[in-house]
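K.L.:
I'd like to ask some things about the structure below.
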Amino acid sequence: MALDSATKTPPEAITVSGAGSSEVQGTYHRSSGQEYCGAPIYEHLDRPADLRITREPHINPKTGATKHGWLLGLHKQPLYGSRTESLVVPEGGWRCFQGREPVPNIVLYEKHADAMFAIADGSQTACDEAGRRQDWDTVCTISTSGIDALKRCGDATSDEFISHAAALLARRAVAYSQQAHHRQALRDAIAALELDQSLSPARAIVLDAARQLLGCDEHIAQQFLDTVGFTTILDPGAPLVLRCVDRWIDEVVRRYKDSGQNAAFELPKASHLAADRYLDGVDDATRDDFIRRYMPDTVKESDGSAVIVDELECISLMQSWEQILSSEEFQRQRVELWDRQGLSYPARLHETRQMVANS
């Protein structure tokens, strides 16, 4: 929930918007174990080393008296500030220092998850506005932004998380469907229904996308739909990491084609791998480097690019990753990283990705 700045409880998260210097905008998270001038330090989720909100002292050169205020700074240069003795970041009273007009709008959140839910809620509204304009690229971009925020909330089981995640996945599925990106539409619609079976638009998209992807009739598409929505396809520990859904769809397509498009073909069970979580969001270059270094026999060289031959080879590769990432040495490093104090979420995520790449 959003807090009133009159509260004496320091918020876990702060959102900054509407500033003339747009680079300061975004979400700031209370840094673990770090304080200055008796108050928490807040770091930007995406740029923790560059953007901070801190309480700072100021000594009057004439009287020697020490006053305090809050500064929003970029590279330790003050862009905006607010004079106050409060130990809590103020929502009002901000003025420009080196930043451009207008001053930022500041909203405080008691819990980090509350800020992420607020972002997701705003994303849903913006998606609906773009959808009414039939601006499907914007719907995809905004819904993805909201989904990324939910990945950061640290709460994947609450009703609020589930409702926001299902709604954003369903909106992105609609956008992909309108653009005839049937595979992505099917993936997102399946994920949405795994979280909330009541989403009728998502059910319609599964039926249509399955027919398009499999080249099947309505009866087989309905058979496909009947297996969805029982929380067996999504990874319950990371429901917004969708590689398991992609993998399941690939296996369904392969089995259907191998059966000679027989309606009695056997649907596969979904596989959930820890590697999916560790490598979620890793760029293709890092992923390819990881494959080349540790599983060179699983790829075939073609014009200098590593290529996975088929769906079964992809599954085999992921299982190899699972073996490496479940090793005693990797788990020891993971625990050591988890126990390190003073790391913000993005810094911890960056260190995790580096640990995966260098294992």
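The values are calculated or read from the model by the stated rules, or taken from the named source; none is laboratory data. As the structure is a prediction and not an experimental result, all values here were calculated from the model. So basically every Cβ, Gly included, is an ideal-geometry build from the backbone, and we count neighbours across all protein chains shown. Heads up: the accessible areas ignore ligands, DNA and RNA and are worked out on the full protein's heavy atoms, side chains in. Shrake-Rupley method; radii C 1.70, N 1.55, O 1.52, S 1.80 Å.
K.L.:
Within the stretch 79-91, is there a residue that is at pLDDT 95 or above, under 30 Å from GLU351 (Cβ atoms) and among the polar types (S, T, N, Q)?
P.N.:
No: the stretch 79-91 contains no residue that is at pLDDT 95 or above, under 30 Å from GLU351 (Cβ atoms) and among the polar types (S, T, N, Q).
K.L.:
A further question on this structure: In the set SER259, SER302, SER271, which member is open to solvent by 30 Å² or more (accessible area, probe 1.4 Å), of a type in the set (S, T, N, Q), modelled with pLDDT under 75 and more than 18 Å from the chain's Cα centre (by Cα)?
P.N.:
Residue meeting the stated conditions: SER302.
K.L.:
Restricting attention to the stretch 263-279, which residues are under 17 Å from LEU240 (Cβ atoms) and among the hydrophobic types (A, V, I, L, M, F, W, C)?
P.N.:
Within the stretch 263-279, ALA270, LEU273, ALA274, ALA275, LEU279 qualify.
K.L.:
OK, next. Consider the stretch 56-75. How many of its residues are touching a strand residue (DSSP E or B) at 6+ places or on another chain (Cβ under 7 Å) and among the β-branched types (Val, Ile, Thr)?
P.N.:
2
K.L.:
To continue, here is another question. If we keep just the residues of the stretch 89-138 that are assigned to a loop (DSSP other than H, G, I, E, B) and of a type in the set (A, V, I, L, M), which is least open to solvent (accessible area, probe 1.4 Å)?
P.N.:
VAL89
K.L.:
On to the next question. If we only count helices (runs of 4 or more DSSP H) wholly inside the stretch 155-239, which ones have 1 or more residues that are of a type in the set (Phe, Trp, Tyr), under 19 Å from the mean Cα position of the chain (by Cα) and buried (at least 16 other Cβ atoms within 10 Å of the Cβ)?
P.N.:
Answer list for the stretch 155-239: 159-178.
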